[in-house]
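Colleague: Take a look at the following structure, please.
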Amino acid sequence: MRFTKIAFVACDTDSAQRALFALRERYGVIEATDADVIVALGGDGFMLETLHAVMERDVPVYGMNRGSIGFLMNDYNATTLVERLERSVESQIHPLHMLAVDTGGAEHKALAINEVSLLRETRQAAKISISIDGSIRMAELICDGVLVATPAGSTAYNLSAHGPILPIDAGLLAVTPISAFRPRRWRGALLPMQAIIRFDVLEPVKRPVSAVADAFEVRDVSWVEARVASEISLRLLFDPGHSLDERILREQFES
């Protein structure tokens, strides 16, 4: 791949801002709206922000780590950027669409690249029923919460909640409970990508629940629906040998 218009964006940390200045000095300044590739400088959180910002555009994003973990980022190197972009490998991912209806009846829509999560708001455990494609599969889950993760997000919050790691091309979603109290031994489910998942909050006034799509939060939800937004494709670029597929595979064998 050849790119002639490279735009640089960065989070507000000192290291990212220094890298932004150095790269613009070396390669020039192009506005993100005019670019044929965007280089994001920061950590995984900033990569998610950048992907949300280009959600409506067909433009690839190449991340360079100026944060902490950097699972979605490549190593930082200012001198070989053009060559690395030309040799990069593209991974395409699809976000989740969340529809959340609060206890007042208002609808809230958002897109999530990693996961859609339901979380208890108070000291009392949440009570949630789970339906798949219109059929109730779990009448009552008593828990701190529950989430739906994409393959790209399966190594994030989902993994911390002891959910499975999903290969990018697995065609699956992970439904993972967060501190399940009843049924205590339920560890979640794997669902096909085309599944429509609905969570109904039982006792929403007594046991209020919030819904979160990446960084977008809705308080006091009554029910939430999540499905893959297959019409939206996000393009991530990685160095050869460090693709998203390879990173997810490697994560399963590391302690």
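Colleague: Once both labels are modelled 7 Å past Cα along the beta-carbon direction, what's the residue 68-residue 137 spacing in nm?
Modeller: 3.2
Colleague: In the chain, with Lys and Arg counted as +1 and Asp and Glu as -1 at Cβ, which of these residues, 98, 174, 60, has the Cα nearest the positive end of the dipole, that is, farthest along it?
Modeller: Toward the positive end, the furthest listed residue is 174.
Colleague: If N is the number of residues in the stretch 164-251, what value comes out of its Cα radius of gyration divided by 2.2 N^0.38 Å? Intermediate values should be presented prior to the final figure.
Modeller: Details: Rg = 16.3 Å, N = 88, 2.2 N^0.38 = 12.1 Å.
Expressed relative to 2.2 N^0.38 Å, the Cα Rg reads 1.36.
Colleague: Taking N as the number of residues in the chain, what is its alpha-carbon radius of gyration divided by 2.2 N^0.38 Å? Walk me through the intermediate numbers first.
Modeller: Numbers: Rg = 19.5 Å, N = 255, 2.2 N^0.38 = 18.1 Å.
Against the empirical 2.2 N^0.38 Å value, I get 1.08 for the chain.
Colleague: Expressed as an acute angle from 0 to 90° and rounded to the nearest 10, what is the orientation of the C-alpha long axis of helix 14-27 relative to the principal long axis of the chain?
Modeller: Long axis of 14-27 versus the principal axis of the chain: about 40 degrees.
Colleague: Starting from the Kirkwood Rh over alpha-carbon pairs, what translational D in µm² s⁻¹ does the stretch 96-228 have by Stokes-Einstein at 10 °C and 1.306 mPa s?
Modeller: Details: Rh = 14.3 Å.
Translational D for this selection: 111 µm²/s.
Colleague: Excluding residues fewer than 8 places away in the same chain, name every one of the lysines whose C-alpha is closer than 22 Å to that of residue 206.
Modeller: Leaving aside lysines fewer than 8 places away in the same chain, those within reach of residue 206 are 127.
Colleague: Right, here's the next one. Assign unit charges at the C-beta atoms only (+1 for Lys and Arg, -1 for Asp and Glu), then state the dipole size of the chain relative to its Cα centre in Debye, rounded to the nearest 20. Don't skip to the answer; put the middle values down first.
Modeller: Details: 26 positive and 34 negative charges, 157 e Å.
For the chain, the charge dipole is close to 760 debye.
Colleague: Rounded to the nearest 0.05, what FRET efficiency do residue 123 and residue 87 give with R0 = 45 Å and r taken as the Cβ-Cβ distance? Could you check? Intermediate values should be presented prior to the final figure.
Modeller: On the way: r = 53 Å, r/R0 = 1.17.
My answer for the efficiency is 0.30.
Colleague: For a bin width of 5 Å, list the pair-distance distribution of the stretch 49-155 built from all Cα-Cα distances, rounded to whole %.
Modeller: Result returned by the calculation: 2, 8, 13, 18, 18, 11, 9, 8, 6, 4, 2, 0.
Colleague: Further question on the same structure: Given contacts defined as C-alpha pairs under 8 Å and at least six residues apart, what's the relative contact order of the chain, whole-number percent? Write down the numbers at each step before the final one.
Modeller: Working: 597 pairs, mean separation 54.3, N = 255.
Value for the chain: 21 percent.
Colleague: Here's another thing I want to ask about it. Just report the Cα centroid separation between the stretch 16-90 and the stretch 200-219, whole Å.
Modeller: 34
Colleague: Can you give the three extents of the C-alpha atoms in the stretch 156-196 along their principal axes, from longest to shortest, in whole Å?
Modeller: The principal-axis extents, from largest down, are 31, 21, 13 Å.
Colleague: Extension gain residue 216-residue 229, at 0.36 nm per residue separation less the Cα-Cα distance, in nm? Write out the running numbers ahead of the final one.
Modeller: Working: separation 13, 0.36 × 13 = 4.68 nm, distance 1.65 nm.
Using 0.36 nm per residue and subtracting the Cα-Cα distance, I get 3.0 nm.
No value in this document is a laboratory result; all are computed from the given coordinates. Bear in mind that the values here come from a model prediction, so they are computed numbers and not experimental data. Ideal geometry is used to build each Cβ from the backbone, glycine not excepted, and the neighbour counts take in all protein chains shown.
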